[in-house]
Amino acid sequence: MIRNAKRRITISTLYIGVEQQELIEAVREALTNSPALKVTFISDLLRGTREPFPEPSTATLLLTLVAEFPERVEAYFYRSPKLRGLMEKIVPRRFDEGWGLWHCKWYGADDEVIFTGANLSDSYFTNRQDRYYHLRNAPIILSYLQSLLRLYSSYSYRLHPNPPPSASPHHLMPLARGGHPAHLGGNQKAALLWREPSIHPRAFAAHAKATLTAFQRSWREMKRGRRIDIDTWIWPMVQAGVLGIQEEEQGVDKVLRAARDMEDAWRRAGQGQGGRVMVDLTSGYFGLYKKYKEAVLDSHAAYKIIAASPEVSSVPVVVPIVVSPHGPSLTTSPAHPQANGFYQSRGVSHLIPEGYTLLESRFHRDLVSRGRDWDERSQTGIELTEWNRPGWTYHAKGIWLSEMLPTQEQQQPPAPPPPPPPKPFGTFIGSSNLSTRSLKLDVELSNMILTTSPSLQKALGAEVRGLRAHVGRVGESTWRLPERSVSWQARALVALGVEGML
């Protein structure tokens, strides 16, 4: 996409991996071959400058392009306004990312765009499971994304190889902070400069909310004419809890309530008519936002939920799988590498998988106490599984809505026939992890897609089956395994409210 671009490239990501020279060279080649091409990046300031000098970072990678093509390349770095005042001074680097990040991921070129939850680094291109939706002819969507990026750039820092001498020190963040020498090809002046001097860089939430709300309203109300050949609809949803923008929260709540209402209508009809829906839901970091969790638990709709297996197993894992009304049978899976990307990380981060285990086990016990444990015969309840594939980590997140054909219960044989393959008619795709952090702290962009297209429904079904192919059921016996024990330190972090930052 980048190499073929002639007019515009717009890239939004949490960060760009420091090893991504191939990506930078592809952009440089496109700029050289297409004189009219303009390129705009936006990423997170704290994550994009995490590596101290002289180590490379997202900022130093992009600085080479900005310096070489100053009129055609812009790079913006968003910084959450939540971290300010005394906390800004005392919170150590990397921990400061816990107060919110730019988390939107889209990669656009001319009239093509990829929506995803993935960042631009080697692990995502090799052995990290994620989701990617490629729209090949979507000029309106690209114009929307370009306008959205431009609007957010008003609340961001712009990367400057040589900022003007008149720049206020209150609006300037030198890349070589803390007295470290800048190894930027001899450039000692490179800095991040706050774009709008009239707006305070730590107090822009109210201003941004008003502007973004008006922007979203204008796009929703835009008259595009009626076409009878449309079979797929896309609703972009901006979520920025720090700024008071809650479109995802409202949209996903409506989706989950619609699934509940469809199931209730089916039951009122005597369970003999169509109209059931299966909801597949997944997140690489299982810490469902409270409102979503309650919607899942309170509904009678069928759910299949996939979480990442949080840690390595040194012994075979016993996985209960319900196969009949007489109770679970047991199977084992061999030892395998972790699927949670935080496994064995340094510092406090190594406690994060334990925190997710604690949240996951609490959710499981809640669904059991409410009578929502999965029943394979009737295809009802909530099936909680974990994804694990040797040598891979898991970062997929999303929701799928599938038509669910009622299964006929049989007395013989004891096990019911396998359910028909999923046939999704809707999906939620984007950057959100569906967690408290995503809803309250980070800036997210996700999309709700509804379709009647047979080919797209087939592709969505294949996506769901591909994810399900690497899962195993979890249950009460899982939490009793020695390798799934949760330390008091992890329990204390969750009790102190760190769940909202996971």
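With the cut-off at 1.5 for a/c, could you classify the stretch 8-221 from its C-alpha gyration tensor as rounded, prolate or oblate? Could the numbers behind the result be given before it?
Numbers: a/c = 1.40, a/b = 1.16, b/c = 1.21.
Judged from the Cα gyration tensor, the stretch 8-221 comes out rounded (a/c under 1.5).
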**Report entry** Neighbourhood net charge (15 Å Cβ-Cβ; Lys/Arg +1, Asp/Glu -1) for Thr452
**Finding:** 0
Query raised in the report: What is the calculated FRET efficiency for Arg217 to Arg377, with r their C-beta to C-beta distance and R₀ = 60 Å, to the nearest 0.05?
Result: 0.80
**Report entry** Derived scalar couplings ³J(HN,Hα) [the stretch 13-28; Karplus, 6.51 cos²θ - 1.76 cosθ + 1.60; whole Hz; x for Gly, Pro]
**Finding:** 7, 4, 7, 10, x, 5, 8, 7, 5, 4, 5, 4, 5, 5, 5, 4
Requested in this report: Collect residues whose amide H, placed 1.01 Å from N in the peptide plane, falls under 5 Å from the amide H of Arg276; neighbours closer than 5 in sequence don't count.
Outcome: Met404
Query raised in the report: Short version: ³J(HN,Hα) in whole Hz for each residue of the stretch 97-113, in order, from phi by Karplus 6.51 cos²θ - 1.76 cosθ + 1.60 (θ = phi - 60°), x for Gly and Pro, what are they?
Result: 5, x, 9, x, 9, 7, 10, 6, 10, 8, 10, x, 8, 6, 10, 10, 8
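If we count other beta carbons within 10 Å of each Cβ, what is the order of His170, His103, His300, His160, fewest first? Mind showing how you got there, number by number?
Details: His170 10, His103 27, His300 14, His160 20.
If I rank by nearby Cβ atoms, fewest first, I get His170, His300, His160, His103.
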Report summary line: Computed from the beta carbon distance with a Förster radius of 22 Å, FRET efficiency for Leu496 and Glu88 to the nearest 0.05 stands at 0.60
Query raised in the report: Under a point spin-label approximation (7 Å from Cα along Cα-to-Cβ), what is the Asp122-Ala265 distance to one decimal in nm?
Result: 5.2 nm
Query raised in the report: Put a dot 7 Å past each Cα toward the Cβ at Ile199 and Ser477; how far apart are the dots in nm?
Result: 5.6 nm
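When Lys and Arg each count +1 and Asp and Glu each count -1, what net charge do the other residues less than 15 Å away from Gly85, Cβ to Cβ, add up to?
On the way: positive: Arg79, Lys82, Arg84, Lys89, Arg202; negative: Glu88, Asp96.
Around Gly85, the charge tally is +3.
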Report summary line: With x for Gly and Pro, the residue-by-residue ³J(HN,Hα) of the stretch 450-465, computed from phi through the Karplus equation 6.51 cos²θ - 1.76 cosθ + 1.60 at θ = phi - 60° and given in whole Hz, is 10, 8, 10, 6, x, 5, 5, 4, 5, 5, 5, x, 5, 4, 4, 4
Query raised in the report: Order of Ile234, Ile228 from fewest to most other C-beta atoms within 10 Å?
Result: Ile228, Ile234
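Every number in this text was worked out from the coordinates using simple rules, so none of it is lab data. Being a predicted model, the structure only gives us computed values, none of them experimental. Glycine gets a Cβ as well: all are built from the backbone with ideal geometry, and neighbour counts include every protein chain shown.
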